[in-house]
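One structure below.
No lab work stands behind these numbers, since they all come straight from the coordinates. These figures come from a predicted structure and were not determined experimentally. Don't worry about glycine lacking a Cβ; one is built from the backbone with ideal geometry, like all the others, and counts go over all protein chains shown.
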Amino acid sequence: MPAVTMTTPAPSGAGNFLRPQTPRHLLGLEGMSRAELLEILQDAQRYRDLLDGPGIAVRELEGVTVCNAFFEGSTRTRISFELSEERLGATTVSFSSIDSSTAKGESLLDTLRVIQSMRVDLLVVRHASSGACAFLARHLEAGVINGGDGQHEHPTQGLLDLLTLRQVWQGWFEGRRIAIVGDISHSRVARSAIHGLRSMGTDVTVTGPPTLLPIGIEELGVSVAPTVEDAMRGADAVMGLRLQRERMEQGLLASPGEYSRVWGINAARVELMKPEAVVLHPGPVNRGVELASDVMDGPRSVIFEQVTNGVAVRCAVLKRCAAAMGLPGGRGAL
Amino acid sequence: MSRRIVIRDARHWRTGEAIDVAIENGAIVEVKPSGTGSDGLDARGAVLAPGLMDPHVHLREPGQAGKETIETGTHAAGAGGFTSVACMPNTNPVVDSPAWVEWVLRRAAEAGFCRVHPIAAVTVGQKGEQLADLAALAAAGAVAFSDDGLPVMSAETMRRALEYARPTGRPIVCHEEDLTLRGRGHMNEGPTATRLGIRGIPAAAESVMVWRDVELAALTGGRLHLAHLSCAGSFEGLRAAKRRGLAVTGETCPHYWMLTDEAVGDYDTYAKMNPPLRSARDREATIDAIVDGTIDCLATDHAPHTVEDKRQPFDQAPFGIVGLETALALTITGLVKPGHVSLARAIELWTEGPRRVFGLPEVKLAAGSPADLVLFDPAAEWTVDPPRFQTKGRNTPFTGWRLQGLVLATWCGGKATWAAPEWKPGLAQLSAR
């Protein structure tokens, strides 16, 4: 049967699927080149060194206004962004949906148009809908930084994972392999990590209960291992993913105990990796479920390093977006 | 009182012969081989066919006039070459009583640009519980019954509906979807959904219900019509029902043979409908089911929404796309031009096919038949430009597409309901009454 062939022209604007991936936004790591990632990581490392030093204020974004718009609960990501903005000297405001006008029936787009009208330059957005940040970026003038959109991406988390691995791997991403274990289906952390690591040349193996492995995940350039042992054996790092209780209520899993026995990252399984391999987790951790307590507190864990790197990465991302917009503080400062 | 008009030098949709057709008093009065005369409207060899029928549209009235009205929806139908549509009852309020059926018919008679055949709800309020007054609804003019959009999840209720509707001779039209399998899904389950982080709807959510209802049709001897089928498993179910000689028919829509779920791209809400765009394999299966005769008729599932409805994050935007004004061109571009079916067969699927499903009399290109006609140029190319649509909806994934097959004029009961700007004789000249 002959294929139906026809020219598909560029979207004319009636649809809304133009990809607004420009440096003024950070919507995801999908499609970012190795060079772009490296540039961000190098700047993030500079911030990390500054933040570790005595003079903690960096003040490179004075005169820039940032709003952290969180439509979904968050503790660490929000604090991390707020601290980054403070360190950079930006004017910063935050809100969560609990006290927002969205509860009064205003559309998401209108809510953020109102905020933008108060001369806000950059919006950090977390939202439960996948694609919410790309949607906003299409319709707003402000730069949009994705603080986690549904099950799509969490690019600053992906970047802090990369920064952490860059430090422990001494800058060598090629020839390395990471295992990502757990709820791949619902994880924006996994998607950002996969895109970022694949761009850097690292092999990625994912594994988890079949009910939590999404169909077609191989098309993102990863291999799928049948067991956690297969995934971790000989790996250079393992990333555990948070397991939400909701998955058991949804009938996707049996019990936390069974999950821990079959898929948990424990000391014996860590021994299957290379001797210098590390353990990552985006947090918050369910101790004893996806990660054994002794592993979390053990020498292989870089979980708290990840958190520290998070502030540095977010400084680099905020500055990159501000610079792309030609904002006062963002211009020329390096 | 009535003016006689002659359409001269048209091409007969089935035989390909050059014909002259005379219309008077809303009916065709003469069809003869083209002569040498120069009176009447010169069709210049364009194809003349019976007006198309769309068995599945959402006209949104009563209650959702911001999205569409019976006037704008049927105007779009006229522009698309349709002279009949069957409209779904998932309005506000639901068309589940004879009074609302009559209201829809009256609005259509007052403001409509085509014949409107209401489909009434199967259950009261489309709640899937208590049967609506199916006999009274049929007597009021409902051509079928459907809880479209809200599938009847109880197999027992569906069984009773099929039995109870049997004496009316009208089909139960099923939007096949197991709501537990769909869960919170918003697009087809597959690699694109995985990349976008959108919860998937497996094709099996549709096909398991197709197989269930085929079994219930066998149990009851009821008349079942499967709406907007989109996947290989569903076509297999329909094929099996036909092999068993059951009174089961089925339809599919242009977007299922034109597109796959990759069209969602980066969260394009104009590519979001239910059933969702499926895999490449399902798209091929759709074409196969049309070619081998499994599919009885085509439908648009025309579902207009406002720009604001669709200007939301993907998982918050409603399902549905418009289709009336692109249907014929998508059929010619996607089915006829690549050689899957002949033009005559394609037209049958939009004319005799749906009429047979609802037991409506055939519309013929012959003296004595109502002058429900469409004149179109199957070779003309045009570009889809939603601001030029007659529907209020702009929600189409085909914006900017170059398609082949242009509707030049449409007559419904002898009254001209559409004249393309590209065609010289204006609307005023076309009317026979």
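Just tell me the longest site-free run in chain A, where the sites are GluC sites (Glu not before Pro) in a DSSP loop having at most 14 other beta-carbon atoms within 10 Å. Longest stretch, sites excluded: A:175-270.
Mean sequence separation of contacting Cα pairs (under 8 Å, at least six apart), scaled by the length of the range B:298-433, corresponds to a relative contact order of 25 percent. The ranking of A:M273, B:M88, A:M118, B:M187 by Cβ neighbour count inside 10 Å, starting from the fewest, reads A:M118, A:M273, B:M187, B:M88.
Taken about its Cα centre, chain A carries a charge dipole of roughly 380 debye when the Cβ of each Lys and Arg holds +1 and the Cβ of each Asp and Glu holds -1.
Arranged from fewest to most other beta-carbon atoms within 10 Å of their beta carbon, B:W401, B:W350, A:W172, B:W411 become A:W172, B:W401, B:W350, B:W411.
The overall shape of the range B:52-357 is rounded: from the C-alpha gyration tensor, with semi-axes ordered a ≥ b ≥ c, the ratio a/c is less than 1.5. Across chain B, C-alpha contacts under 8 Å between residues 6 or more apart give a mean separation that, scaled by the residue count, equals a relative contact order of 20 percent. Result for chain A in a Gaussian network model with C-alpha springs under 10 Å: among A:Q306, A:Q250, A:Q116, the largest mean-square fluctuation is at A:Q250. Under a model in which nothing but the beta-carbon of Lys, Arg (+1) and Asp, Glu (-1) is charged, the range A:156-307 shows a dipole of about 140 debye around its Cα centre. Take every pair of alpha-carbon atoms less than 8 Å apart whose residues are at least six positions apart; their mean separation over the length of chain A yields a relative contact order of 21 percent. For B:A27, nonlocal amide neighbours, meaning residues 5 or more places apart or on other chains whose placed amide H falls under 5 Å from its own, are B:A371. Put in order of Cβ neighbour count within 10 Å, fewest first, the listed residues A:V279, B:V122 become A:V279, B:V122. Secondary structure note: in the protein assembly as shown, about 35% of the DSSP beta bridges are antiparallel.
Taking amide hydrogens as placed 1.01 Å from N in the peptide plane, the amide H of A:S94 sits under 5 Å from those of A:N68, each at least 5 positions away in sequence or on another chain.
Each residue of the range A:22-38 was assigned a 3J(HN,Hα) from its phi angle through the Karplus curve 6.51 cos²θ - 1.76 cosθ + 1.60 (θ = phi - 60°); the sequence is 10, x, 6, 10, 10, 9, x, 8, 4, x, 7, 7, 4, 5, 4, 4, 4 Hz, with glycine and proline shown as x.
Shown in residue order for the range B:107-120 are the 3J(HN,Hα) couplings computed by the Karplus curve 6.51 cos²θ - 1.76 cosθ + 1.60 at θ = phi - 60°: 4, 5, 5, 6, 10, x, 9, 7, 6, 10, 10, x, 9, 9 Hz (x for Gly and Pro). Just checking the listed ones, B:G222, B:G45, B:G16: in the Gaussian network model of chain B with Cα springs under 10 Å, the one fluctuating most is B:G16.
One chain, two ends: B:S38 and B:S342. Fully extended at 0.36 nm per residue, the span grows by 106.3 nm beyond their Cα-Cα distance.
For B:K272, the lysines whose Cα falls under 21 Å of its own Cα, not counting residues fewer than eight places away in the same chain, are B:K67, B:K310, B:K392. Please list, by residue number, everything in the range B:205-221 whose backbone N is under 15 Å from a paramagnetic label point 7 Å out along Cα→Cβ of B:R166. Under 15 Å, as judged by backbone N against the label point of B:R166, lie B:215-221 of the range B:205-221.
With θ taken as phi - 60° and the Karplus curve 6.51 cos²θ - 1.76 cosθ + 1.60 applied, the whole-hertz 3J(HN,Hα) list for the range B:316-324 is 9, 6, x, 6, x, 9, 7, x, 4 Hz, x standing for glycine and proline.
In this structure, the amide hydrogen of B:G128, modeled 1.01 Å from its nitrogen in the peptide plane, lies closer than 5 angstrom to those of B:T123, counting only residues at least 5 positions away or on a different chain. Charges were assigned to the Cβ only: +1 to each Lys and Arg, -1 to each Asp and Glu. The resulting dipole of chain B about its Cα centre is roughly 420 debye. Springs between alpha-carbon atoms under 10 Å, Gaussian network over chain B: tell me which of B:G237, B:G400, B:G413 tops the mean-square fluctuations. Maximum among the listed residues: B:G400.
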